[in-house]
Amino acid sequence: MSMLGLKLPTDPRWANIAEKNVEEILTDHAYCEQKAASTAISLIIGYPDYPDLVEEMAALAREEMSHFEMVHKKIRERNLSLGKERKDAYVHRIMEFFPKTGNRVERLVNRLLIAALIEARSCERFKVLSENIEDQDLAEFYRKLMVSEANHYTMFLKFAREIGGREQVDPKWQELLEYEATVMSTLGTKEHIHG
């Protein structure tokens with residue numbers, strides 16, 4: 001847990017809520033992967049002048065879409081259906097943390113920190129699922145995904161620190177983590193990846 005820096009662990013009972021509605025959790029998860037791919041693409045569009053970032057985001061978009069396909073395959077294997085995209089109250093609230101800024105570099109750093117946080121929490125949620133659900137096939141599936149999400153989190157944080165400078169970025173990251181814990185304390189009752 002401390003590896004991810006998160007301040008509030010998920011109550012393992014959330015996994016029971018998730019397991020009671022596998023179709024809902026898989027649909028929500030599929031869209032999380034799709035939105036992660038969209039984020040990577042939008043960073044390329046917004047910041048083409050950062051070649052290292054562009055390269056990593058192109059690879060990330062491919063990887064996230066391959067995860068989307070894997071989740072969709074699980075949905076079909078189980079004769080479930082991919083529902084409509086869900087509103088993500090968690091992401092919405094996290095996005096509100098940083099005040100709007102006209103500074104392009106600062107905006108990029110803020111976006112990278114938010115992306116790092118979302119990946120860290122997704123990773124933590126996958127871990128909770130892998131350790132607490134009875135469905136062994138899904139437990140194994142989430143164990144594998146957890147590893148790649150951890151890599152994404154460290155990559156986003158690394159870019160934020162390189163672009164914004166550690167002295168500026170690290171205190172911001174800590175404040176964001178504190179804020180995220182207060183948001184998480186109001187969630188954990190829905191069968192959503194971040195819910």
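Computing FRET efficiency as 1/(1 + (r/R0)^6) for Glu69 and Glu131, where r is the C-beta to C-beta distance and R0 is 30 Å, gives about 0.75. Note on the chain: with a GNM built from Cα contacts shorter than 10 Å, the maximum mean-square fluctuation among Arg13, Arg143, Arg104 falls on Arg104. Count Lys and Arg as plus one, Asp and Glu as minus one, and take only other residues whose Cβ is under 12 Å from that of Met65; the net charge is then -2.
Among Ala18, Ala36, Ala58, the largest mean-square fluctuation in a Gaussian network model of the chain (Cα springs under 10 Å) belongs to Ala58.
Between Arg76 and Ile41, residue separation times 0.36 nm minus the direct Cα-Cα distance comes to 9.9 nm. Report summary: the helix-based calculation at 222 nm, which adds -39500 (n - 2.57) for every DSSP H run with n ≥ 4 and divides by the residues of the chain, gives -25500 deg cm²/dmol. Inter-label distance, Val147 to Lys20: 3.3 nm, where each label sits 7 Å from its Cα along the C-beta direction.
Determine the sum of side-chain charges near Glu77: Lys and Arg each +1, Asp and Glu each -1, restricted to other residues whose C-beta is under 13 angstrom from that of Glu77. Neighbour charge sum, excluding Glu77 itself: 0. Sequence-ordered 3J(HN,Hα) estimates for the range 163-175 from the Karplus curve with 6.51, -1.76 and 1.60 and θ = phi - 60° stand at 7, x, x, 4, 4, 7, 7, 4, x, 4, 4, 4, 5 Hz, glycine and proline given as x. Semi-axes of the equivalent ellipsoid of the chain are 28, 19, 14 Å, computed as sqrt(5λ) over the eigenvalues of the C-alpha gyration tensor in descending order.
For the residue pairs Lys73/Lys172; Lys87/Lys127; Lys74/Lys100; Lys74/Lys172, the alpha carbons lie more than 31 Å apart in Lys73/Lys172; Lys74/Lys100; Lys74/Lys172. Taking the charge dipole of the range 1-122 about its Cα centre, with +1 at Lys and Arg Cβ atoms and -1 at Asp and Glu Cβ atoms, the residue from Pro99, Met65, Ala120 reaching farthest to the positive side is Pro99. For every other residue with a beta carbon closer than 10 angstrom to the beta carbon of Phe98, add +1 if it is Lys or Arg and -1 if Asp or Glu, then tell me the sum. Overall, the nearby charge balance is +1.
In terms of its Cα atoms, the range 71-178 spans 48, 26, 22 Å along the principal axes, sorted from long to short.
Since every read-out is calculated from the coordinates, none of them should be taken as a lab result. All figures in this text were calculated on a predicted structure; none of them were measured in a lab. A quick note on method: Cβ atoms are made from the backbone with ideal geometry, for glycine too, and the neighbour counts reach across all protein chains shown.
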